[in-house]
Amino acid sequence: MSIAITTQIICFTVLSLVILIGALGVVLLESIVYSAFLLGGVFMSVAGLYLLLNASFVAAAQVLVYVGAVNVLIIFAIMLVNKKEDLKPINDIKSRRIISTSICLTLLSLLIRVDLTNIWSLSSPQNSIGEESTIRIGEHLFSDYLLPFEVASVLLLMAMIGAIVLARRDVMSKDISTGLPVDQELIEKSSEPLLTNKN
Amino acid sequence: MMSLESIPIQAFLIVSSALFCIGIWGLLNSRNAVRVLMSIELMLNAVNINLMAFSSYVDNNLIQGQVFTIFVITVAAAEAAVGLAILLSLYRNRVTVDMESFNLLKW
């Protein structure tokens, strides 16, 4: 890393602030659309942190996969299910909030204590391969991590087929209840939900 | 003030811890199912930051942590696709995304 240390610290501070404030916005904002776009900002800042850590390939993968695929998928899902609805009030929401917040704060203090008190055995920076990391990742993927690499391809195939099967809308030539042929142009019409009144 | 050679690893670890806890809070407290999926993505990103920091500071010659991060990104993409498909199928049957109304597995 040839950037001066002051520049690194400034970049790190700005990126960390964007990550933490953006993540708080993701979980706290009222509008789910704002949350989705803030999530994209958080992903981009995490990619910036990877660049600070000398990992340009993983940063590019982060931008491509998270911002380009996952975030777009989430925004599409929001468009498909975005309906104004009045949530049913829950009686013990307050105690639930208090308990979960205290659990999260306890976990956070525990983790930060471990981060600060443990003595990490850091390696010397002379060994650093720096910008050759892309070559090294390729060597890993095709030698000692070959089996996980192939399993990951099978996993992606399974996820693709599973998502198609779960999300497709059954197109029928005949209406089940009336027996009449279905008007295929109106296939997106609202259908009777199956389980709405089963509470 | 002492002069630093590089950013201490603790800074990265603290950021990732805070991000992980925010993700858990969102997972426990959000009522919109899409927001639950976003919280899971935040937690996965916290794990990735951790792996990358250790790979760069502890194992900066073999960088196995970066390979693990690539695999985690792969699994996260698959998880997001299947999760959103399940969410759409639930929405089609229940016409809501409120987490409190998904009680099909209650006995």
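No value in this document is a laboratory result; all are computed from the given coordinates. What you see is a predicted model; the values in this text were computed from it and never measured. Positions of Cβ are generated from backbone atoms using ideal geometry, with glycine treated the same way; all protein chains shown enter the neighbour counts.
If the Kirkwood radius is taken over C-alpha pairs of region A:66-153, then at 37 °C and 0.692 mPa s the Stokes-Einstein diffusion coefficient equals 168 µm²/s.
Other residues whose C-beta falls under 15 angstrom from the C-beta of A:L157 contribute a net charge of -2, scoring Lys and Arg +1 and Asp and Glu -1. Neighbour counting of Cβ atoms within 10 Å sorts the residues B:V36, B:V72, A:V26, fewest neighbours leading, into B:V72, B:V36, A:V26. Summed over all non-identical Cα pairs, the Kirkwood treatment of region B:9-95 gives a radius of 14.1 Å. Each of B:V67, A:V81 has some number of other Cβ atoms within 10 Å of its Cβ, and from fewest to most they run A:V81, B:V67. For the protein assembly as shown, the Kirkwood estimate of hydrodynamic radius, built from reciprocal distances between every pair of different alpha carbons, is 21.6 Å. Cβ crowding within 10 Å ranks A:E30, B:E100, B:E41 as A:E30, B:E100, B:E41, fewest other Cβ atoms first.
The gain in end-to-end length when the A:F142 to A:S123 segment is fully stretched comes to 4.3 nm, 0.36 nm per residue minus the alpha carbon separation. Each principal axis of region A:1-42 carries a Cα extent, and these read 41, 13, 9 Å when sorted largest first. With the convex hull drawn over the C-alpha atoms of region A:1-127, the volume per residue is 136 Å³.
Shielding value for B:7-14 is 6, the average number of Cβ atoms from other chains within 10 Å of each residue's Cβ. Counting 0.36 nm for each residue step from A:A4 to A:V72 and taking away their Cα separation leaves a gain of 20.9 nm. Electrostatic tally near A:I129: other residues with Cβ closer than 15 Å to its Cβ, Lys and Arg +1, Asp and Glu -1, net -3.
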